[in-house]
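**Q** Submitted below is the structure of interest, expressed as C-alpha cells.
The values are calculated or read from the model by the stated rules, or taken from the named source; none is laboratory data. These numbers come from a predicted model, not from an experiment. No Cβ is skipped: glycine too gets one built from the backbone with ideal geometry, and neighbour counts run over all protein chains shown.
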Amino acid sequence: MKVLLLAAGKGTLGKSNVSKPLAKVNGKPMITLIVNKLRNVLKDTEIVAVVNKDNKKAIEDALSRRKNITYFVQPEALGTADALRIGLDRIDKDEDLLVMYADTVLIREASLAGIISTHKLKECDATLLTGLTEKQYPYALVERSKLLKINSVIDHKTPDYPSPWEYYIGPVIVKSELAQSYISQVERDKESGEYYISNLLNIMIKCGAKVEAFRTLDETEYLGINNEEDLKTAEEQLIMRKIENLGVNEERFIKFGTGGWRARIGRGFTSRNVRKVVYGIAEYIIDNGLSKKGIVVGYDNRFLSEEFALIACEVLAANNIKVWMSNKSVPTPVVTFTVLEKKAGGGIVFTASHNPANYNGIKFETQDGLPSPDYITGYIQKIANSINAEHIPWVSFNKGMERGYIKREAFHNPYLDYLEEKIDYDSIKKANLKICFDPMFGAGTSTLQMALVSARCDLVTIHSERDPLFGGKSPAPSEESLSRLIQYMKENNFNVGIAVDGDADRIALVDENGRYISANEVILLAYYYLKNERNMNGGAVRNVATTHNLDLLCEFFGERLHEVPVGFKHIAKSMIENDLLIGGESSGGVTFRDHIPEKDGIYTAMIIIEMLAKTNKALSYIFSEIKTKLGKYYHYAEDNLELSPELEIKAERFVESPPEEISGKKIVKIDRKDGLKLYFEDNSWLLLRFSGTEPLLRITGEALSFEEANENIEKIKDHLIS
C-alpha cells in the first residue's frame with residue numbers, strides 16, 4: 001500500500017498567509033503531523049505528495065528529514081479527483097492507495113488502522129472513513145440501502161431524513177487499477193468546476209465495485225482546518241488526546257522519565273514490558289563491552305518487585321551477563337554502592353521511589369554509579385519499544401544459578417562497613433542520641449536501623465513492616481505523610497525524627513519539638529555542617545525547584561551555586577564537573593563529594609546524626625543559627641495539580657505567554673531551563689513544570705513569607721483552574 005497525500009490546495013491561513021498544509025498546530029506544520037501519523041501506521045511505505053508550484057519548496061523543506069517521499073505538482077487547482085489522477089499516473093496498477101488530505105490533522109492513527117484493516121479483511125475495491133453525527137457538515141453525505149450497503153457519496157447535499165447522518169470525512173483507500181479505469185469518467189462539479197473523489201466513488205458503486213466504510217465514533221476527527229479558529233480547536237483537541245492517551249500509551253510504549261521508567265502495575269508495568277526494558281539494558285551492556293563486568297540487581301518493597309527482579313535476572317543470564325541479585329529488598333543507594341564496590345557494568349533497581357503504591361519502575365545506574373543520562377535511556381527505550389517480547393531470550397532463574405550466571409547475596413554489609421569509615425561513629429556513640437525512625441514501610445528499614453544501632457543510638461522505629469500499599473499513602477516523606485512521626489516527636493523526648501522514602505534515597509527530618517524539616521532545609525543543615533564544622537571546601541548544586549536559601553548559604557561561605565534542570569542525573573553531572581561539595585533537590589535527594597554520585601537518604605541521615613553528636617546542639621538551634629547567618633530567608637510553598645486535558649491546554653498557554661505580574665508583583669526575569677520559572681524584584685520566584693514521573697503539574701515557589709509564597713501559587717492556580 002502506498003499513500004497519496006493531497007497538499008495542492010491554494011488555501012492559506014494566518015496573517016502571514018502560509019499555505020494551509022504548513023500552518024502550525026502546537027508549533028509543528030500540519031503536514032509533518034500527518035506524515036508522522038502515516039509513518040506510525042504504515043512505517044516506511046512510499047508517500048506521493050501532490051503539491052502546487054507555490055508551496056512545493058516549503059513543503060519539501062518541512063518534510064526534508066522524512067524519507068521515501070516524492071513530490072508532484074498539480075498544475076491547476078482542479079479538485080481532489082484531479083490530484084488523485086496525477087498520483088495514479090505515478091503508481092503501479094496492482095497497488096492499494098491510501099488517499100490522505102493535508103488538513104485532516106485530527107484523524108486518529110487508530111482510524112487509519114481501521115480503514116486499512118477493513119479494506120484488507122473485506123477485500124474491498126474502495127474503503128472510506130466515515131462518521132455518524134447529529135450535526136450537519138459541509139462534507140459528502142453517505143447514503144445506504146436498507147441492507148446498509150453504501151448507495152452513494154454525494155457532495156453538497158442537505159439530508160432530507162432524520163439524523164444521525166453519515167459523512168465521508170477524508171481518508172479513502174482505493175485499488176489503483178480500478179481507480180485508473182474510472183477516473184476519466186469523473187465530471188466537473190457544476191458549482192465549483194472541480195473534480196471530486198466522491199464522484200469517483202459513486203461511479204465505482206454504480207459499476208458494482210465493492211465500496212465499504214470504517215466508521216469512527218469520535219466526532220472531533222471530522223474537523224478540517226479552514227481558518228484560525230479551526231487551528232485553535234485542533235491544538236486543543238490534540239492536547240486533550242495526549243492526556244486521554246496516557247493510559248493507553250503507558251501500556252503500548254516504554255518511556256523513561258527523570259527517575260527511570262515508571263508505570264502503573266498491570267497497565268504499563270507488566271512482565272512483558274519488564275522483559276523488553278531489561279533486554280534493552282542487556283543490549284546496552286553487550287554493545288559497550290561490559291558483559292564480563294556483570295550487573296547488580298536490587299528491588300524495593302513494592303508489590304511484585306522481587307518477582308520482577310527475578311525475571312530481569314532470567315533475561316540477563318540468557319544473554320550471558322553475570323548477575324548479582326540482592327537476597328532481600330534493598331535501598332537504591334545500596335545498589336549504587338554495590339555497583340561501584342563490585343566494579344560492575346551497571347545496576348538495576350526495581351522501584352518507583354516515592355510514587356503511589358500502584359506504580360513500579362526500573363532505574364538503571366551506569367558502571368560509574370551515575371543515574372543514566374538521556375543518551376543511555378534513549379538507547380534502552382528504542383530497543384525496548386522495537387523488540388517483540390516473544391523473541392527475547394531467557395532462562396529459568398534456577399538454571400541461571402546452576403550455570404553460575406546468577407548469584408544472590410546480601411548487599412548491606414559492605415555498605416555498612418563503608419558508613420563506619422566515612423561517619424564519626426565514635427562521637428555518635430558518646431552522644432547517646434534518641435532517634436525515632438520512620439522508613440515508611442519501605443526498603444530502607446534494616447539498613448538504617450543497623451547503622452543507628454551500630455552507633456549505639458537509642459532507636460524507636462515505626463512503620464517498619466513491609467506493606468506494599470505503604471499504609472495507604474505515597475511513600476514520599478512529606479509533612480502530610482509523616483503525621484505519626486511528628487506526633488511521636490511531640491509526645492516523646494527524641495533528639496531527631498528521621499524519615500526516608502520507599503527506596504531510601506530521599507529524606508526528611510522532624511526536630512526535637514515536632515517541627516517538620518523539609519528536604520530544602522535538610523540540604524542547608526548538611527551543607528552548613530560540612531562547611532562550618534568539617535571545614536570542607538566546595539560549592540553546591542540544586543535543581544530549579546529547590547530552595548534559593550542554598551544560594552544565600554553559598555554566598556555566605558564565598559562558594560558558587562549551580563542550578564540545573566530537575567532530574568538527579570543533572571545534579572550528579574554538575575557535582576563531578578564542578579567538584580562540588582553537595583547537591584540536592586527539594587523532593588528529598590542529597591548527595592556529597594567523595595560519596596556515591598546518587599542521592600542517598602541513609603548517608604544523609606548519618607551526616608545529620610554526626611552533626612547532632614559533634615555539635616551537641618539541638619536541631620532547632622542549628623537551624624536558627626543558619627537563618628541568622630543568611631540575613632534573610634525565603635519560605636517555600638508547593639502544590640500539585642492532577643493533569644486534565646483542559647488544565648494542560650491552559651498550562652501550555654500560560655507557559656507560552658506568562659503575565660507581566662502576579663499579585664501586583666512585577667516579573668523581572670523568565671527562565672525556561674526546565675518548565676517556566678518566574679522571578680520577582682525581591683528575588684522570590686515561581687516555577688511551573690510538568691512532572692517527569694507522574695501526570696501532574698507541579699507549582700513551586702519561594703517568597704519572604706510563607707503567606708506570600710502561598711498567595712503566589714494560589715493566584716497561578718486560580719488562573720489555570722478558572
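**Q** Specify the residue that is modelled with the highest pLDDT; the eligible residues are those in segment 549-571 that are buried (at least 19 other Cβ atoms within 10 Å of the Cβ) and in a loop (DSSP other than H, G, I, E, B).
**A** Only one residue fits best here, namely V566.
**Q** Continuing with this model, one more query. So which residues in segment 322-341 are assigned to a helix (DSSP H, G or I), touching a strand residue (DSSP E or B) at 6+ places or on another chain (Cβ under 8 Å) and not aliphatic (A, V, I, L, M), if there are any at all?
**A** Of the residues in segment 322-341, the ones assigned to a helix (DSSP H, G or I) are 332-341.
After this cut, where a residue has to be touching a strand residue (DSSP E or B) at 6+ places or on another chain (Cβ under 8 Å) as well, the list is 332, 334-336, 338-339.
Across segment 322-341, the qualifying residues are T332, T336, T338.
**Q** Report whether or not S198 is within 26 Å of L98 (Cα to Cα) and in a helix (DSSP H, G or I).
**A** Here the answer is yes, as S198 does meet what is asked.
**Q** Anything in segment 396-422 that is farther than 14 Å from G294 by Cα and in contact with an Asp or Glu (Cβ under 9 Å, 6 or more places away or on another chain)? List them, or say none.
**A** S396, F397, K399, F411, P414, Y415, Y418, K422 - these are the residues of segment 396-422 that are farther than 14 Å from G294 by Cα and in contact with an Asp or Glu (Cβ under 9 Å, 6 or more places away or on another chain).
**Q** Which residues, taken from segment 433-462, are assigned to a loop (DSSP other than H, G, I, E, B) and over 16 Å from L619 (Cβ atoms)?
**A** Pass one, segment 433-462, residues assigned to a loop (DSSP other than H, G, I, E, B): 433, 439-444, 455-457, 462.
Residues satisfying the conditions are P439, M440, F441, G442, A443, G444, A455, R456, I462.
**Q** In this structure, does L42 turn out to be modelled with pLDDT of 90 or more, in contact with a strand residue (DSSP E or B) (Cβ under 6 Å, 6 or more places away or on another chain) and in the same structural domain as M240 (by TED's automatic domain parsing)?
**A** Judged against the criteria, L42 is not a match.
**Q** Now, a different point. For the subset of segment 351-368 comprising residues that are touching a residue at least 60 places away in the same chain (Cβ under 8 Å) and not in a loop (DSSP other than H, G, I, E, B), which member is nearest to K473 (Cα to Cα)? Break it down into steps so the answer makes sense when it comes.
**A** So the first thing to find is which residues in segment 351-368 are touching a residue at least 60 places away in the same chain (Cβ under 8 Å), and the list is 351-365, 367-368.
If we keep only those that are not in a loop (DSSP other than H, G, I, E, B) too, we end up with 359-365.
Numbers: Y359: 12, N360: 15, G361: 18, I362: 21, K363: 22, F364: 26, E365: 27 Å.
Once the filter is applied, the top-ranked residue is Y359.
**Q** Restricting the search to segment 195-223, which residues are surrounded by fewer than 18 Cβ atoms within 10 Å (Cβ to Cβ) and not hydrophobic (A, V, I, L, M, F, W, C)?
**A** The answer is K206, G208, K210, R215, D218, E219, T220.
**Q** Looking for something of a type outside the set (A, V, I, L, M) and touching a residue at least 40 places away in the same chain (Cβ under 8 Å) - is there at least one such residue anywhere in segment 32-40? Give the derivation first.
**A** Quick first cut of segment 32-40, residues of a type outside the set (A, V, I, L, M) only: 32, 36-37, 39-40.
After this cut, where a residue has to be touching a residue at least 40 places away in the same chain (Cβ under 8 Å) as well, the list is 37, 40.
Within segment 32-40, one or more residues are of a type outside the set (A, V, I, L, M) and touching a residue at least 40 places away in the same chain (Cβ under 8 Å).
**Q** Now for a separate question. Between a residue in segment 518-539 that is surrounded by 19 or more Cβ atoms within 10 Å (Cβ to Cβ) and any residue that is aromatic (F, W, Y), which pairs come within a Cβ distance under 6 Å, given they are 6 or more apart or on different chains?
**A** Short answer, once both residue conditions are applied: N520/Y636; K531/F557.
**Q** I'm trying to understand the selection: among the residues of segment 664-706, which are of a type in the set (D, E) and free of Cβ contacts under 8 Å to residues at least 24 places away in the same chain? Break it down stepwise before answering.
**A** Initial filter on segment 664-706 (of a type in the set (D, E)): 671, 674, 681-682, 694, 702.
Residues satisfying the conditions are E681, D682.
**Q** Restricting attention to helices (runs of 4 or more DSSP H) lying wholly within segment 593-701, give those where 2 or more residues are under 30 Å from L459 (Cα atoms).
**A** Values: elements: 601-615, 619-630, 645-656.
Because the criterion is at least 2 residues that are under 30 Å from L459 (Cα atoms), the helices (runs of 4 or more DSSP H) in segment 593-701 that meet it are 601-615, 619-630.
**Q** Could you figure out which of (1) farther than 30 Å from E109 by Cα; (2) touching a residue at least 40 places away in the same chain (Cβ under 8 Å) isn't true of F253?
**A** F253 satisfies every listed condition except (1).
**Q** Residues in segment 111-143 that are surrounded by 13 or more Cβ atoms within 10 Å (Cβ to Cβ), without any contact (Cβ under 8 Å) to a residue 40 or more places away in the chain and over 18 Å from D218 (Cα atoms): how many?
**A** So the count comes out to 2.
**Q** Follow-up. Could you say whether any residue in segment 154-175 is more than 45 Å from the chain's Cα centre (by Cα), not aliphatic (A, V, I, L, M) and not in a loop (DSSP other than H, G, I, E, B)?
**A** No: zero hits.
**Q** Please go through (1) buried (at least 24 other Cβ atoms within 10 Å of the Cβ); (2) in a strand (DSSP E or B); (3) at pLDDT below 95 for I348 and return the number of the only condition it doesn't satisfy.
**A** Going through (1) buried (at least 24 other Cβ atoms within 10 Å of the Cβ); (2) in a strand (DSSP E or B); (3) at pLDDT below 95 one by one, I348 breaks only (3).
**Q** For A58, which of the numbered conditions (1) small (G, A, S); (2) touching a Pro at 6+ places or on another chain (Cβ under 8 Å); (3) surrounded by fewer than 21 Cβ atoms within 10 Å (Cβ to Cβ) fails to hold?
**A** (2)
**Q** Is it true that some residue in segment 624-636 is at positive phi, crowded, with 16+ Cβ neighbours inside 10 Å and in contact (Cβ under 8 Å) with a residue 12 or more places away in the chain? Let's see the steps before the verdict.
**A** Of all residues in segment 624-636, those at positive phi come to 631.
Applying the additional criterion that residues be crowded, with 16+ Cβ neighbours inside 10 Å yields none.
Within segment 624-636, none of the residues are at positive phi, crowded, with 16+ Cβ neighbours inside 10 Å and in contact (Cβ under 8 Å) with a residue 12 or more places away in the chain.
**Q** Exactly one condition in (1) surrounded by 14 or more Cβ atoms within 10 Å (Cβ to Cβ); (2) farther than 15 Å from M100 by Cβ; (3) at pLDDT 90 or above is not met by S64; state its number.
**A** Going through (1) surrounded by 14 or more Cβ atoms within 10 Å (Cβ to Cβ); (2) farther than 15 Å from M100 by Cβ; (3) at pLDDT 90 or above one by one, S64 breaks only (1).
**Q** Then there is this: For segment 45-121, which strands (runs of 3 or more DSSP E) that fit wholly inside it have 1 or more residues that are in contact with an Asp or Glu (Cβ under 9 Å, 6 or more places away or on another chain) and assigned by TED's automatic domain parsing to the domain that holds N202? Steps first, answer last, please.
**A** On the way: elements: 47-51, 69-73, 96-101.
Because the criterion is at least 1 residues that are in contact with an Asp or Glu (Cβ under 9 Å, 6 or more places away or on another chain) and assigned by TED's automatic domain parsing to the domain that holds N202, the strands (runs of 3 or more DSSP E) in segment 45-121 that meet it are 47-51, 69-73.
**Q** Is it true that E652 is outside the structural domain of T546 (by TED's automatic domain parsing) and touching a helix residue (DSSP H, G or I) at 6+ places or on another chain (Cβ under 7 Å)?
**A** Numbers: outside the structural domain of T546 (by TED's automatic domain parsing): yes; touching a helix residue (DSSP H, G or I) at 6+ places or on another chain (Cβ under 7 Å): yes.
So E652 fits the description; yes.
**Q** Of the residues S586, S574, which is in the same structural domain as E480 (by TED's automatic domain parsing) and not in a helix (DSSP H, G or I)?
**A** One residue alone meets the criteria, S586.
**Q** Pairs only if they're at least six apart or on different chains, beta carbon under 6 angstrom, first in segment 497-514 and in the same structural domain as G588 (by TED's automatic domain parsing), second surrounded by fewer than 24 Cβ atoms within 10 Å (Cβ to Cβ) and of a type in the set (F, W, Y); list them, first residue then second.
**A** Taking only residues 6 or more apart or on different chains, the pairs are V510/Y516.
**Q** Here's another thing I want to ask about it. Any residue in segment 544-562 that's among the polar types (S, T, N, Q): show its pairings with residues that are part of a loop (DSSP other than H, G, I, E, B) at Cβ separation under 7 Å, as long as the two are six or more apart or on different chains.
**A** That search, which allows pairs on different chains as well, returns T546/E585; T546/S586; T547/S586; T547/Y634; N549/Y633; N549/Y634.
**Q** Would you confirm whether or not segment 77-96 contains a residue that is more than 21 Å from T130 (Cβ to Cβ), without any contact (Cβ under 8 Å) to a residue 40 or more places away in the chain and out of contact with any Lys or Arg (no Cβ under 8 Å at 6 or more places or on another chain)?
**A** Yes, the conditions are met somewhere in segment 77-96.
**Q** From the list E656, E652, E646, E577, pick out the single residue that is surrounded by fewer than 24 Cβ atoms within 10 Å (Cβ to Cβ), over 24 Å from V510 (Cβ atoms) and either at pLDDT 95 or above or touching a Leu at 6+ places or on another chain (Cβ under 6 Å) (or both). Let's see the steps before the verdict.
**A** Details: E656 fails: either at pLDDT 95 or above or touching a Leu at 6+ places or on another chain (Cβ under 6 Å) (or both); E652 fails: either at pLDDT 95 or above or touching a Leu at 6+ places or on another chain (Cβ under 6 Å) (or both); E646 fails: either at pLDDT 95 or above or touching a Leu at 6+ places or on another chain (Cβ under 6 Å) (or both).
Result of the check over E656, E652, E646, E577: E577.
**Q** Okay, moving on. Any residue in segment 464-483 that is modelled with pLDDT of 95 or more, closer than 30 Å to D417 by Cβ and touching a helix residue (DSSP H, G or I) at 6+ places or on another chain (Cβ under 6 Å)?
**A** Checked segment 464-483: at least one residue is modelled with pLDDT of 95 or more, closer than 30 Å to D417 by Cβ and touching a helix residue (DSSP H, G or I) at 6+ places or on another chain (Cβ under 6 Å).
**Q** Considering (1) hydroxyl-bearing (S, T, Y); (2) assigned to a loop (DSSP other than H, G, I, E, B); (3) at pLDDT 90 or above, say which one S192 fails and leave the rest.
**A** Condition not satisfied by S192: (3).
**Q** For segment 295-309, which residues satisfy the criterion of being surrounded by fewer than 21 Cβ atoms within 10 Å (Cβ to Cβ) and not charged (D, E, K, R)? Full working, then the answer.
**A** Within segment 295-309, the subset surrounded by fewer than 21 Cβ atoms within 10 Å (Cβ to Cβ) is 303-304, 306-307.
Those that are surrounded by fewer than 21 Cβ atoms within 10 Å (Cβ to Cβ) and not charged (D, E, K, R): F303, L304.
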